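As structure tokens, the structure follows; a few thoughts come after it.
The values are calculated or read from the model by the stated rules, or taken from the named source; none is laboratory data. In this text the structure is predicted, and so the values were computed from the model without any measurement. No Cβ is skipped: glycine too gets one built from the backbone with ideal geometry, and neighbour counts run over all protein chains shown.
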Amino acid sequence: MRFGKKDKLSPRFIGPFEILERVGKLAYKVVLPPNMAGVHNVFYVQMLRKCMSNPSHVLNYEALQLTLNLAFEERPTQTLDRQERSLRNKVIQMVKVKWLNHSEEEAIWETETEMRSRYPKLFCKF
């Protein structure tokens, strides 16, 4: 199911959820978990993706911690890599950051100075 707006840190799809019934020609009613009670449970067919059922494949679904306005907080969990990017007359330190609720393949490059100022605990050495 497609959820949220297009942003580099928003989850593209969440689920799988059971389809209750077909509503009209292009809409489906789905069963949503209790923490998503504020979300309307009827979705347009283009927002849904087919889930192929395989009994040997167990899906690992981690529920998002949504606030009352149906937003969730993204926090970095670890830095995966470092590099220097050279511009014409200066060098920028970059770090590859893995974010909560995202896989390592979805890690993104951020400037180290910005990440140090916003998330100092990420760079603490124990």
Number of the condition not met by GLU105 [criteria: (1) in a helix (DSSP H, G or I); (2) more than 30 Å from PHE17 (Cα to Cα); (3) modelled with pLDDT under 90]
(2)
Against the conditions (1) modelled with pLDDT of 85 or more; (2) in a helix (DSSP H, G or I), where does LYS25 fall short? Just the number, please.
(2)
Just give me the residues in the stretch 34-45 being of a type outside the set (A, V, I, L, M, F, W, C), surrounded by fewer than 14 Cβ atoms within 10 Å (Cβ to Cβ) and assigned to a loop (DSSP other than H, G, I, E, B), in sequence order.
GLY38, HIS40
